[in-house]
Amino acid sequence: MIGTVFRVMLLSLVRDRGALLLAFVLPPLMFLVFAEVFSGAGDEDLTLRIAVLDESSDLAGIRLGEALLALDGIEASERSVANRAELEAAVRDGRADAALWIRGRPGSDAGDGPWLEVLGDGSRALAVAVLSGRVQGVLQREFPDLALARASDLVESVLGPYSPAQRAALEQRLQRLSSEASVVERAPAALDFDQRLLGGGRAMDPGVSYYAAAVAILFLMFAAMQGAISLVDERSSGIVDRLAAGPGGIVVVVLGKGLFLTAQGLVQAGLIFAVAWVVYGLAWPTRFVPWSITALLAAAVAAWMGLLLAALCQSRQQAQTASAFVVLILAAIGGSMVPRFLMPIWLRDLGWLTPNAWVIEAWHGTLWRQQSLTELLPAWAVLAGFTLAAMVLALWLSNRNSLSK
Amino acid sequence: MLAIRNCGFSYRSTVVLDRLDLDLQGGEVLALLGPNGAGKSTLIRCVCGRLAPDRGDVRVVGQDPRRSPVARAAIGLVPQQIALYPFLTVRENLTAFAALAGVARSARSGAVARTLEGCELETVATRRAGALSGGWQRRLNIACAIVHQPRMLLLDEPTVGIDPPARAQIEALLQRLALTGIAILITSHELDQLERLADRAAFLREGRIVADDTPTVLLDRAFGAQRQCRVVFRVAPQAQQQLRLRVLGLQAERDDLRCWAGLIECAAAEALPAEFAGCGEVERVQLQRPGLSALWRMIYGTEPERAA
C-alpha cells in the first residue's frame, strides 16, 4: 500500500510540469544565482565571535585582546585557548568566526612571522576582513606611539629628512606617548600583521559548499511543503475519507507520502550538489557517504515537517500561506539566505532550533571542513530527532483528523 | 450486513445521533433522508469506523468497523466530492484504489477490468480523471469505491452537480450493483431518483429515525388515498368556488387563479370536473401519487433541499 501511494505521488509529479520545474529545475538555478551573488558579499556591521590566543607574555598583548573584546560587535567565543591547534579548531568548527593569534610583543618580530595573525575560515573570509579592520582601529587608538612613528617615517620618506630640532621633538613626543599609552618599543612596521584563511588550500570557493547546502535545504523544505499539501487536497476532495475507511487507514497514506517526499528530496539535493560539482568543482563524489547520510536526513526532515504542517492545516490556502511562512522563517534564521555569522548572536543561537542550520552545518562540515563521521554525528542526531518528532506528530494528527473530522 | 443499535453521538452538548437503530441487508438499497444537520454524515462516519459512537453499537458484517480491518474492507465509500487522483488515468485510479483497499497484486488487474466493464468505463480507461466530464468523474468515483468488491456501498450525494442523462446512467449503475447483492446506503437530495431506486427510505430528524420502511408503505401510511392534484380552469373560478377549492385543500399557483394544486382525496379530485362544470369549467385535472418530496414536506415542514 505504501508503494501504491508512492507511485500515485510519483505519477502526479511526473505529469505536472509546473511541479516538476519547481522541484527539479528551480533549485539548481537558484543555487547558481545565490552562489554567484553571495559568495563574495560583505558587511561591516556584524557581531563576530572571536577566539584569542595570547603567546606574547606581555602586558600590551593582554591590553590588545581586552580592548578588542570591549568593542561593540566583538564577543569572545573561547575563554581560554591553549595553543594554535585549538585556535584553528575553534575557527574550523565554526565556534569562532575568526581568531586572533598574538605571537609576540606588539611591533616585535616573532621570528617566523609577524607578531600578530588574524585567522579565519575560508568560508567566512568576510569575518577575517572585518576583524582585521577592528584590530587596526584598536592598535591606532591604544598604541598611538606606533601609529605616530609609522606616520613620521612615511612623512620623512616623502618630504625629506627632519631637521635635528624636529627629530628631537618627535623623539620626545614618541617617548611620552610610549610611556603614557603603551610599553611597546618603537617599530615602523608595528601596525602590520598577517591575515590567513584556513580551509585546506582547496581551489574551490568555500561559499559554494555553503550555498549548495543552504539552497538545497531551502528547496527541499519548499518542495516537501508543496508536496505535502496534497494531503490537504486529498482531505478536502474526499480521498482521505475514502482511504481512511479502507483497511490500511490514513497512517499508510501518510507514510507513503513521507517516503515519496524523502526520495524526491534526495534527488533534488543530488541535482544541486551535482551542479556544484560540475560548475564549481565541489568535492562531492569524494565525500559521497557522509553527504548521502546528511541528504537522507535533510530530505526526511523536510518531508515530515511538510506533512506535519499539512496535518495542522484545514485548507489548501491555509497550508500554502503557512508553508511559505515556515519555509522562509526557517531559511532566514537557519542560514539558508544569509550566513549565520552575519547575524546577531541571539539570532545565531536561535538558528540552532531550525533543521536548516544543522543540515548546513553537516554538509558544510562534510565538504569544506572535511569532518569525520564522528564529528558529524551530533548534527545527524539532531536531524534524526527533528525527523522523528515531526513524523510522530504528523501521523498522530493525521489519524486524529481522519477520525474526528 | 449493517446493524446499528441504540447508537448515540454528541458534539459537545449537541446531540447528533440519539438512540438510533438501523439495519441494512445485502442487495437492499436504503435511502437515508434528512435536512442538513440531521446527522446523516455523522452516521456514515460511524458506519465507516471514523467516529466512535458515545453509546450503542455499530456492526458491519458482524464486526466493529473501528477495530476490524475486515469490517472496513467490506465497505466502499463514495464521498460527495470527486475523490480521485486527477493526474492519473481512469485505469490507474482504479488500480491505486484497489491496492489501497487491500486487493492482492495478482487479483488487481482482474478487479480493475471487471470494474471498468461493470461501470462502462472502458472507453475512457486511458484518459486522465481530471480531464473527464462531471458525469464520467461521478461514475469513476463510484467505480473506485467498488473495485475491491465491498459488500456494502455508502454513497453521499453521488449525483450532485451532473446533468439528467448522466444522473440516469448512475441510477442504472446503482440498480445493477444492487442486483449483485451489495447493500447500498445512499444519501441524496434527488428524492425522485431515490424513490425509484430505494427499497427502503429512512427519515432522520434530530438524530433519530422517525420513519423507516419501503417508500410505498411510507407513502400509503402518510397519504392513504390522497393524491397530488393539479386543476386547470378555463376561467378563474368565482370567490365562492375559490373558497370551496381551499376547503378541499387546494391552493392557487403563483397567484394564477386558473391553476390550483394540493393534496386531496382521490374521489374528491375525480369529482371536480362535474362539481365545477357550470362555473369556471375545468380544463384538465392531473392526479399524481404523492412522492417522497411530499412526505419530506410533511415530516420536516419545509421544501426538500436542493443539492448544490
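The values are calculated or read from the model by the stated rules, or taken from the named source; none is laboratory data. Source: prediction; values computed, not measured. Positions of Cβ are backbone-derived with ideal geometry, glycine not excepted, and every protein chain shown enters the neighbour counts.
Any chance region B:133-142 includes a residue that's β-branched (Val, Ile, Thr), touching a residue at least 24 places away in the same chain (Cβ under 8 Å) and closer than 14 Å to B:Leu174 by Cα? It would help to see each step written out before you state the result.
As a first pass, look at region B:133-142 and keep what is β-branched (Val, Ile, Thr): B:142.
Checking the rest, the ones that are also touching a residue at least 24 places away in the same chain (Cβ under 8 Å) come to B:142.
From what is left, the residues that are closer than 14 Å to B:Leu174 by Cα are B:142.
The answer is yes; a qualifying residue exists.
For region A:1-14, which positions are more than 36 Å from the chain's Cα centre (by Cα) and surrounded by fewer than 16 Cβ atoms within 10 Å (Cβ to Cβ)?
Hit for region A:1-14 is A:Gly3, nothing else.
State whether the residues of region B:213-232 include one that is over 29 Å from B:Leu272 (Cα atoms) and under 11 Å from the mean Cα position of the chain (by Cα).
No.
Mind counting the residues in region A:223-256 that are farther than 30 Å from B:Cys46 by Cβ and buried (at least 24 other Cβ atoms within 10 Å of the Cβ)?
First, the residues of region A:223-256 that are farther than 30 Å from B:Cys46 by Cβ: A:223-227.
In the following step, the residues that additionally are buried (at least 24 other Cβ atoms within 10 Å of the Cβ) were identified as A:223-225, A:227.
The total comes to 4.
Which strands (runs of 3 or more DSSP E) sit wholly inside region B:235-308 and have at least 2 residues that are surrounded by 14 or more Cβ atoms within 10 Å (Cβ to Cβ) and within 29 Å of the chain's Cα centre (by Cα)?
By residue number, B:256-265.
For region B:192-217, which positions are surrounded by fewer than 20 Cβ atoms within 10 Å (Cβ to Cβ) and under 15 Å from B:Pro304 (Cβ atoms)?
Selection gives B:Asp192, B:Glu195, B:Arg205, B:Ala211.
Mind checking which helices (runs of 4 or more DSSP H) fall wholly inside region B:1-120 and carry at least 1 residues that are within 8 Å of chain A (Cβ to nearest Cβ)? Show your work before the answer.
Numbers: elements: B:40-48, B:69-73, B:90-100, B:105-118.
Helices (runs of 4 or more DSSP H) meeting the threshold: B:40-48, B:69-73, B:90-100.
For region B:246-299, which residues satisfy the criterion of being under 15 Å from B:Phe233 (Cα atoms) and among the polar types (S, T, N, Q)?
Residues satisfying the conditions are B:Gln251, B:Gln286.
Is it the case, given these coordinates, that A:Ser372 is at pLDDT below 95 and within 14 Å of chain B (Cβ to nearest Cβ)?
Spelling it out, it is not the case that A:Ser372 is at pLDDT below 95 and within 14 Å of chain B (Cβ to nearest Cβ).
Within region A:64-81, how many residues are out of contact with any Asp or Glu (no Cβ under 8 Å at 6 or more places or on another chain) and either in a helix (DSSP H, G or I) or at pLDDT below 75 (or both)?
4
Would a scan of region A:284-294 turn up a residue that is within 14 Å of chain B (Cβ to nearest Cβ) and of a type outside the set (S, T, N, Q)?
no
Given the options A:Val184, A:Val215, A:Val155, A:Val130, name the one that is at pLDDT 75 or above and in contact with a helix residue (DSSP H, G or I) (Cβ under 8 Å, 6 or more places away or on another chain).
Matching residue, one of A:Val184, A:Val215, A:Val155, A:Val130: A:Val215.
Every residue in region A:284-325 that is assigned to a helix (DSSP H, G or I), small (Gly, Ala, Ser) and either crowded, with 16+ Cβ neighbours inside 10 Å or touching a Ser or Thr at 6+ places or on another chain (Cβ under 9 Å) (or both), please.
Passing the criteria: A:Ala295, A:Ala298, A:Ala299, A:Ala300, A:Ala302, A:Ala303, A:Gly306, A:Ala310, A:Ala311, A:Ala319, A:Ala322, A:Ser323.
Considering only region B:37-51, state which residues are within 19 Å of the chain's Cα centre (by Cα) and closer than 14 Å to B:Gly207 by Cβ. Explain how you work it out, then say what you get.
Kept after step one, since they are within 19 Å of the chain's Cα centre (by Cα), are these residues of region B:37-51: B:37-48.
Within region B:37-51, B:Gly37, B:Ala38, B:Gly39, B:Lys40, B:Ser41, B:Thr42, B:Leu43, B:Ile44, B:Arg45, B:Cys46 qualify.
If I filter region B:123-140 for residues that are crowded, with 21+ Cβ neighbours inside 10 Å and within 17 Å of the chain's Cα centre (by Cα), do I get at least one hit?
yes
Yes or no, residue by residue, for (1) modelled with pLDDT of 90 or more; (2) more than 20 Å from A:Met9 (Cα to Cα); (3) of a type in the set (Lys, Arg):
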{"residue": "A:Val252", "(1), (2), (3)": "no, no, no"}
{"residue": "A:Thr262", "(1), (2), (3)": "yes, no, no"}
{"residue": "A:Gln268", "(1), (2), (3)": "yes, no, no"}
{"residue": "A:Trp277", "(1), (2), (3)": "no, yes, no"}
{"residue": "A:Leu297", "(1), (2), (3)": "yes, yes, no"}
{"residue": "A:Ala300", "(1), (2), (3)": "yes, no, no"}
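Each row is one residue, and each column tells you yes or no for (1) among the hydrophobic types (A, V, I, L, M, F, W, C); (2) surrounded by fewer than 21 Cβ atoms within 10 Å (Cβ to Cβ).
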{"position": "B:Gly56", "(1), (2)": "no, yes"}
{"position": "B:Gly62", "(1), (2)": "no, yes"}
{"position": "B:Arg72", "(1), (2)": "no, no"}
{"position": "B:Val78", "(1), (2)": "yes, no"}
{"position": "B:Tyr85", "(1), (2)": "no, no"}
{"position": "B:Val90", "(1), (2)": "yes, no"}
{"position": "B:Thr95", "(1), (2)": "no, no"}
{"position": "B:Ala101", "(1), (2)": "yes, no"}
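Quick one: would you say B:Glu303 is under 30 Å from B:Arg167 (Cα atoms) and out of contact with any Phe, Trp or Tyr (no Cβ under 6 Å at 6 or more places or on another chain)?
yes
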